[in-house]
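Beneath this line is the structure, given in structure tokens, with notes to follow.
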Amino acid sequence: MSRTRPRTIESAEPATVAHLKREALTMALYLAIVLLAVHLALGDETDKAEDLALIWGTSVGLGLAHLFAYDLTAIFAGRGRMTREDALGAWGIAAAAVFTAIAASVPYLLFDDPADASTGSALVLLGLITVTAYSSGRRAGANRSRAFVLTLVAVGVALVVVVIKHSLTH
């Protein structure tokens, strides 16, 4: 039986699409948590250019590291080659890293004061985690109240991870 390979995400099997979305979302959430830790570490001692350089440097660095690991494991698991699904997943990871970096950068275009921009960026990143947690709860079948509780737990866990990461590195 001949199996055609998907050229786009729309033509992929539903399980593959779900996996690709999960990879991209994982990258976005992981990067949001790391960027929150960067904001915590920076404090009020930096300027906008330095903050943006750290946001984009962190995003590109983690994105490339994740792509390297993803591609290498795809080749290992695929017995020496990458599939089109693997390539689509890599594009999703790259897009998620760029999206998260852009979202974290927008407040720096809106606020003149670096401290206000940093606070705005941190709030955007928390918003990304919050929206993802709530919508994940709802997609899993939770009613609004349960999804709200899940969101509070998820944001709390994310903040604990940020504080632990900050504490271990400072």
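A short reminder: the numbers here are calculations on the coordinates, not readings from a lab. Quick caveat: nothing in here was measured; it's all calculated off a predicted structure. Cβ: placed from backbone, ideal geometry, glycine included. Neighbour counts: every protein chain shown.
Computed from Cα positions, the angle between helix 48-77 and the longest principal axis of the chain comes to roughly 20 degrees. Shape analysis of the chain based on the Cα gyration tensor places the equivalent ellipsoid semi-axes at 31, 21, 14 Å, largest first.
Taking every C-alpha pair closer than 8 Å and separated by at least 6 residues, the mean separation divided by the residue count of the range 26-107 gives a relative contact order of 45 percent.
Compute the length gained on full extension between Leu109 and Trp56: take 0.36 nm times their separation in residues and subtract their Cα-Cα distance, giving the result in nm to one decimal. List each step's numbers first, then the result.
Working: separation 53, 0.36 × 53 = 19.08 nm, distance 1.43 nm.
Difference between extended and current length: 17.6 nm.
In this simple spin-label model, placing a label point 7 Å from the Cα along the Cα-to-Cβ direction at both Val161 and Met82 gives a separation of 2.5 nm. Axis angle, to the nearest 10 degrees, between helix 114-139 and the longest C-alpha principal axis of the chain: 40 degrees.
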